[in-house]
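The values are calculated or read from the model by the stated rules, or taken from the named source; none is laboratory data. The structure displayed is predicted, hence computed values, not measured ones. Virtual Cβ from ideal backbone geometry, glycine too; neighbours counted across all protein chains shown.
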Amino acid sequence: MSLASAFDSCASAESSFRRIQRFMADFDFPMRMISIFIFSILPEKKHLILVLDRTNWKFGNSNINILMLGICYKNIAIPIMFKMLDKRGNSDTNERIELLTQFIDWFGKDCIDYLLADKEFIGHHWLDFLNKNKIRYYIRLRNNFKVFRFDKNEETPVFWLFNRLRVGEFLNHPKIVKINGVECYVSGMKQYDRTGKLDFLILVSFNKPEESLEYYRKRWQIETLFKAFKTSGFNIEATHVTDQKRLEKLFMIVMLALVWCYKIGDYVHEKIKPIKFKKHQRRAFSVFKYGLNQIKY
């Protein structure tokens, strides 16, 4: 309904909404077209930071599960392509490789600076694929993940390498280790989680481990993207669409709408009326929400 209310039409929002529904049922277009269009309007097409993550929700007995690839840009991940997962739970290696291979086929490998991902995205064939293609990556590891240490000639839980750190202290393990048979670097820090429990932030990387924490901090931008898709924007999880093909079309429409809203918000903020800052020095609106409000009101 957020999309329908923004139509430049004399018809009611309900009528526009029915037009969207008919479009969903009758019209078809390839993701390649959508992805290439979004890529074409990016202000930067080199040194791109890719971020991979998964979002899901449940409607009735249907599990909606989407693997998303985005491009970090000004505190949000711009959606570039995705894969519908016809199952519950994590993506598998083949699904990740297929999505990233598709990106490389369409846009080339040379435009990629590095890839960010969370704990779910670990595995022998996946890391091996990234290494062989010389794609830099910074991916979080589970604390109990086993690593093989060449200096000790033994396999140990990865958090043991960082157990002596003080809270907030960050360390780059100086030697290459092996994870699931793949050679890589690990870095980590000891911290408190949101509940106040002692935890570790441990990152695996292809190279430049000393910069891994600075790079990984950009991963949260895809969380901003998912909020825009969901409760802070289009509320897509409230849709009653469960058919995979129709939902895929809806998701592509929302991708275009989100980029449209962000570009409008960015333009108005930069050229016309800057977003106000609150007392806690945070913006009153995100750039995306600012653009969405400009369109709606």
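Observations
- Scan of region 150-185 for residues that are small (G, A, S) and surrounded by fewer than 10 Cβ atoms within 10 Å (Cβ to Cβ), ordered by number: G168
- A residue that is assigned to a loop (DSSP other than H, G, I, E, B), out of contact with any Leu (no Cβ under 9 Å at 6 or more places or on another chain) and surrounded by fewer than 17 Cβ atoms within 10 Å (Cβ to Cβ) can be found somewhere in region 205-224.
- Complete set of residues in region 1-57 that are among the hydroxyl-bearing types (S, T, Y), modelled with pLDDT under 70 and assigned to a loop (DSSP other than H, G, I, E, B): S2, S9
- Test: M81 is closer than 28 Å to Q294 by Cα and either under 23 Å from the mean Cα position of the chain (by Cα) or at pLDDT 85 or above (or both): yes
- When the test is whether a residue is in a loop (DSSP other than H, G, I, E, B) and touching a helix residue (DSSP H, G or I) at 6+ places or on another chain (Cβ under 7 Å), F121 passes it.
- Within region 275-285, at least one residue is farther than 19 Å from I34 by Cβ, exposed (fewer than 14 other Cβ atoms within 10 Å of the Cβ) and hydrophobic (A, V, I, L, M, F, W, C).
Per-residue answers, yes or no, for (1) touching a helix residue (DSSP H, G or I) at 6+ places or on another chain (Cβ under 6 Å); (2) at pLDDT below 95; (3) part of a helix (DSSP H, G or I); (4) within 16 Å of E44 (Cα to Cα):
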{"site": "R88", "(1), (2), (3), (4)": "no, yes, no, no"}
{"site": "L99", "(1), (2), (3), (4)": "no, no, yes, no"}
{"site": "D105", "(1), (2), (3), (4)": "no, no, yes, no"}
{"site": "L116", "(1), (2), (3), (4)": "yes, no, no, no"}
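- Pair list, Cβ < 8 Å and 6+ apart or interchain, from region 80-104 residues that are without any contact (Cβ under 8 Å) to a residue 24 or more places away in the chain to residues that are hydroxyl-bearing (S, T, Y): K83/S91
- Scanning region 126-143 for residues that are surrounded by fewer than 22 Cβ atoms within 10 Å (Cβ to Cβ) and assigned to a helix (DSSP H, G or I) turns up D128, F129, N131, K132.
- From the options L258, L292, residue that is under 18 Å from the mean Cα position of the chain (by Cα) and of a type outside the set (D, E): L258
- Taken residue by residue, region 272-290 has at least one member that is closer than 27 Å to I20 by Cβ and in contact with a Cys (Cβ under 6 Å, 6 or more places away or on another chain).
- Test: residue in region 186-199 that is crowded, with 20+ Cβ neighbours inside 10 Å, at pLDDT 95 or above, within 21 Å of the chain's Cα centre (by Cα) and not basic (K, R): no
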